[in-house]
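**Q** I am attaching a structure below and will ask some questions about it afterwards.
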Amino acid sequence: MANLYPLRAADPANLLEEADEELLKNNIKVLKALEKAYPIHAVWAAWGNGIDSRLYLGEAVYDIQEALEGDYQWYYRGALTKQGNPRHPLYMKNGEKFTWFPVADYASNWQF
């Protein structure tokens, strides 16, 4: 498991207003190291609507999907939120099925 941004908060409103660029760069380095160590090419997208609280979280989706070099397939579980975001695991039922997630389309339509 990895986060879009390497700092967490129970309430996304408590995240920094502006991203720490060094943390974002390091997060990509860690993800690339995981990519080499575990050559499984499936990603579970599960950030929920908290992504809408900070612009840099959406930018992180774009950067991450661009940085991963393999032939990755992205998936979400259950239904997308009303806002079209992949649901966070805390807000889904057990046994929800995985569905393919068009991350490149999602990321390219992000409002930068």
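**Q** Return only the number of the condition from (1) among the charged types (D, E, K, R); (2) outside any loop (DSSP other than H, G, I, E, B); (3) farther than 15 Å from GLU59 by Cβ that ARG8 does not satisfy.
**A** ARG8 satisfies every listed condition except (2).
**Q** Now for a separate question. Pairs needed: first member in the range 69-89, in a loop (DSSP other than H, G, I, E, B); second member anywhere, surrounded by 14 or more Cβ atoms within 10 Å (Cβ to Cβ) and among the charged types (D, E, K, R); C-beta distance under 6 Å; at least 6 residues apart or different chains.
**A** If the second residue must be surrounded by 14 or more Cβ atoms within 10 Å (Cβ to Cβ) and among the charged types (D, E, K, R), the pairs left are GLY78/ARG87; THR81/ARG87.
**Q** Also, quick follow-up: Where the second residue is not in a helix (DSSP H, G or I) and not β-branched (Val, Ile, Thr) and the first is more than 15 Å from GLY84 (Cα to Cα) and in contact (Cβ under 8 Å) with a residue 60 or more places away in the chain and lies in the range 35-58, which pairs have Cβ atoms under 8 Å and are six or more apart or on separate chains?
**A** VAL43/LEU68; VAL43/TYR72; VAL43/GLN73; VAL43/TRP74; VAL43/TYR75
**Q** Can I ask one more? When you go through TYR38, TYR5 one by one, which is the residue that is of a type in the set (Ser, Thr, Tyr) and closer than 18 Å to GLN73 by Cβ?
**A** Values: TYR5 fails: closer than 18 Å to GLN73 by Cβ.
Every option except TYR38 fails the conditions.
**Q** Can you tell me which residue in the range 91-112 is surrounded by the most Cβ atoms within 10 Å (Cβ to Cβ), limited to those that are of a type in the set (A, V, I, L, M, F, W, C) and touching a residue at least 24 places away in the same chain (Cβ under 8 Å)?
**A** VAL103
None of the figures in this text is laboratory data; all of them are computed from the coordinates on show. In this text the structure is predicted, and so the values were computed from the model without any measurement. Virtual Cβ from ideal backbone geometry, glycine too; neighbours counted across all protein chains shown.
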